[in-house]
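First the structure, in the form of structure tokens, and then the observations on it.
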Amino acid sequence: MTELSYLDGNMLDGPLRELLTVDLSSTVGRCDHCGTTGPMAGLHVYAHAPGLVGRCPACAGVMVRLVRAPDRAWLDLRGATYLQVPMPTDPAR
Amino acid sequence: MGIVSPGFQGRPRASGAALPPGQYLTDDFPVLSAGPTPRVPLDTWEFVLTTETGTEHRWSWDELMRLPQDTPTVDLHCVTRWSKLGTTWQGVSLDTLLDGVDTSARYALAHSYGGYTTNLPLDDLRGGRAWVAHTYDDGPLPAEHGGPARLLVPHLYLWKSAKWVRGIRLLADDRPGFWETAGYHDYGDPWREQRYQGD
């Protein structure tokens with residue numbers, strides 16, 4: 001049996017570029033703390049802070065953190081089990 | 001630049017006094033928060049020091065009040081670029097709380113009601129440079145500023161001064177806290193402008 005090889009991380013560039021340009025507020029997310037699933041636009045965002053902190057409206061668990069430095073940004077989505085992103089219909093799938 | 005800043009035991013100064021790089025002076029006391037404000041009744045409040053071996057040292061509110069109290073006047077420097085000079089506090093020095101605690105830990109992770117955490121070298125909590133503060137400007141510390149009690153470590157950026165502090169874990173290894181795992185600097189010395197990782 002042939003072991004499947006892996007691809008270089010560069011191959012993620014295209015698929016992630018397609019995904020990460022979407023408007024986050026149009027996505028649905030699952031809270032990794034309590035399992036609540038709902039629109040990311042429904043998060044409670046605390047902006048008077050050193051970064052943006054998006055919390056689950058049901059349990060207040062942190063789902064998103066975004067820190068912006070002058071030349072860099074950090075995105076932490078550990079608190080979101082997944083994001084469901086609307087995509088153009090692909091007839092091949 | 002030395003580790004000890006000129007800011008942590010500051011006296012009220014004339015305007016134009018030296019500020020850390022990139023900071024501006026404010027007379028307000030801006031409220032920053034990464035989440036809902038916890039409301040902690042004093043009769044259930046507690047502060048817990050946990051050593052690296054798991055030994056716990058606990059203080060109730062009444063027990064904290066019976067400890068020797070300090071009244072530091074300090075300058076505050078927030079990483080969002082405002083500084084406020086000559087603020088007056090009352091609280092218990094971490095030297096007092098750590099007195100008699102058997103530890104060889106080098107790091108501390110403060111944790112708060114509401115889930116916030118921040119990490120510091122244990123040495124930065126010693127030497128009359130850190131307090132569990134419960135009084136601000138002669139009144140009880142308001143909840144929006146971290147009351148009933150907050151950590152006060154004014155020689156570092158203010159995110160290290162954990163609001164609503166509930167305890168400190170003493171650790172052999174450094175464990176980054178809430179903002180430190182999202183791009184902010186592990187140490188956060190305002191005089192060296194250590195805002196973000198790599199600064």
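Each reported figure results from applying straightforward, stated rules to the coordinates on display, with no laboratory input. Everything numeric in this text was worked out from a predicted model, so none of it was measured. Methodologically, a virtual Cβ is constructed for each residue, glycine included, from the backbone with ideal geometry; neighbour enumeration extends over all protein chains shown.
In table form, for the structure just shown:
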| read-out | value |
| --- | --- |
| Segment B:52-96, residues that are under 18 Å from B:Ala162 (Cα atoms), over 14 Å from the mean Cα position of the chain (by Cα) and hydrophobic (A, V, I, L, M, F, W, C) | B:Trp59, B:Trp61, B:Leu64, B:Trp82 |
| Which numbered condition B:Asp173 fails, given (1) in contact (Cβ under 8 Å) with a residue 60 or more places away in the chain; (2) within 14 Å of another protein chain (Cβ to nearest Cβ) | (2) |
| Residue among B:Tyr187, B:Tyr113 that is in contact (Cβ under 8 Å) with a residue 40 or more places away in the chain, farther than 19 Å from B:Leu76 by Cβ and aromatic (Phe, Trp, Tyr) | B:Tyr113 |
| Check on B:Thr103, more than 14 Å from chain A (Cβ to nearest Cβ), under 18 Å from the mean Cα position of the chain (by Cα) and closer than 19 Å to B:Ala130 by Cβ | no |
| Strands (runs of 3 or more DSSP E) lying entirely in segment A:1-89 (those with 3 or more residues that are away from chain B (no Cβ under 14 Å), surrounded by 11 or more Cβ atoms within 10 Å (Cβ to Cβ) and in contact with a Leu (Cβ under 9 Å, 6 or more places away or on another chain)) | A:28-31 |
| Residue, surrounded by the most Cβ atoms within 10 Å (Cβ to Cβ), within segment B:14-31, restricted to residues that are touching a residue at least 24 places away in the same chain (Cβ under 8 Å) and hydrophobic (A, V, I, L, M, F, W, C) | B:Leu19 |
| Filter pass, B:Gly167 being of a type outside the set (A, V, I, L, M, F, W, C) and away from chain A (no Cβ under 14 Å) | yes |
| Every pair of residues 6+ apart whose Cβ atoms lie under 7 Å, when the first sits in segment A:59-86 and is at positive phi while the second is buried (at least 16 other Cβ atoms within 10 Å of the Cβ) and assigned to a loop (DSSP other than H, G, I, E, B) | A:Ala60/B:Gly35 |
| Filter result for B:Pro190 (at negative phi and away from chain A (no Cβ under 14 Å)) | no |
| Check on A:Arg65, more than 18 Å from A:Met87 (Cβ to Cβ) and either charged (D, E, K, R) or in contact with a Gly (Cβ under 6 Å, 6 or more places away or on another chain) (or both) | yes |
| Within segment B:116-140, considering residues that are at positive phi and of a type in the set (Asp, Glu), the one surrounded by the fewest Cβ atoms within 10 Å (Cβ to Cβ) | B:Asp138 |
| Segment B:67-93 residues that are free of Cβ contacts under 8 Å to residues at least 40 places away in the same chain and more than 14 Å from chain A (Cβ to nearest Cβ), paired with ones that are in a loop (DSSP other than H, G, I, E, B) and surrounded by 18 or more Cβ atoms within 10 Å (Cβ to Cβ) (beta carbon under 9 Å, 6 or more apart) | B:Ser93/B:Pro72; B:Ser93/B:Arg129; B:Ser93/B:Ala130 |
